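Visitor: Sharing a structure here in structure tokens format.
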Amino acid sequence: MKKITCSVLVAFLLTFFAAAEEDFFSNTLGLSTGFPLYGSNTLSQDVNEISTDKRVIIGAFYNFNINVIKQISFFAGADILCDFNWNADYYKHFLHTGIPVGLKIYPGLAGFSLGMAYEFGFRTDFIKYLTGEQKVLPTAWGNGFKFMIEYNFAHDTKYKHMPTIGCSWNFMPRGNYSFDNILSFYLAGNF
């Protein structure tokens, strides 16, 4: 019975490999930027005060994709978004970390896709006060979601190393009835 089950499983996987135009497994690596909207009023006010001087928002992400059929792709990965806010005397830096697991659906418009993911993660705050005191404050882990709209130039072509452009909205609980909303824009490479 085990041999029959293994044979059926191997035949099933080989059929998927043979039918897919894209590789069954693929990777996406990208850079992002965005607009974090913090749920805590105190935190938002602090960021607005500091941001009058210098602010840089940059991130990166990696996704491991399983392209089951041409219209559906499952993925899991890691996201990081850094929000650096500083002036000459003090700073507040925020490091958003997330682990998304989800799917993308290609509705038949070449490389256009809609995606959604369950994401869990946390934020770490790095603070230096005017007094010179420094603190590192991690938030609680949160379970949120992520919605994406993107265009994968490699999806409907024979060139699998074409880029992907997209945007996403990420809703993440941070504990103490606080929620962060992160709007991101990204450019990624496929390999």
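Visitor: Scan the range 114-163 for residues that are at pLDDT below 95, under 18 Å from Leu187 (Cβ atoms) and touching a strand residue (DSSP E or B) at 6+ places or on another chain (Cβ under 8 Å) and jot them down.
Guide: Once the filter is applied, which keeps residues that are at pLDDT below 95, under 18 Å from Leu187 (Cβ atoms) and touching a strand residue (DSSP E or B) at 6+ places or on another chain (Cβ under 8 Å), the range 114-163 yields Asn152, Phe153, Ala154, His155, Lys160, His161, Met162, Pro163.
Visitor: For the range 76-117, which residues satisfy the criterion of being of a type in the set (Ser, Thr, Tyr) and farther than 18 Å from Gly166 by Cβ?
Guide: If the condition is that a residue be of a type in the set (Ser, Thr, Tyr) and farther than 18 Å from Gly166 by Cβ, then Tyr90, Tyr91, Thr97 are the ones that fit.
Visitor: May I ask you to say which residue of Ile58, Ile149 is hydrophobic (A, V, I, L, M, F, W, C) and closer than 18 Å to Val47 by Cα?
Guide: Every option except Ile58 fails the conditions.
Visitor: Now, a different point. Looking only at the range 158-182, count how many residues are within 18 Å of Ser113 (Cβ to Cβ) and either of a type in the set (Phe, Trp, Tyr) or touching a Pro at 6+ places or on another chain (Cβ under 8 Å) (or both).
Guide: The qualifying residues number 2.
Visitor: Could you please find all residues in the range 142-164 being closer than 19 Å to Thr97 by Cβ and among the small types (Gly, Ala, Ser)?
Guide: Passing the criteria: Gly142, Gly144.
Visitor: Which of the following residues is within 16 Å of Asn27 (Cβ to Cβ) and open to solvent by 70 Å² or more (accessible area, probe 1.4 Å): Lys104, Lys160, Lys135, Lys70?
Guide: Lys160
The values are calculated or read from the model by the stated rules, or taken from the named source; none is laboratory data. None of the values given here were measured: they were computed from a predicted structure. As a convention, Cβ positions derive from the backbone with ideal geometry for all residues, glycine included, and neighbour counts pool all protein chains shown. Remember, those area values only see protein heavy atoms, side chains included, never the ligands or the DNA or RNA. Shrake-Rupley method; radii C 1.70, N 1.55, O 1.52, S 1.80 Å.
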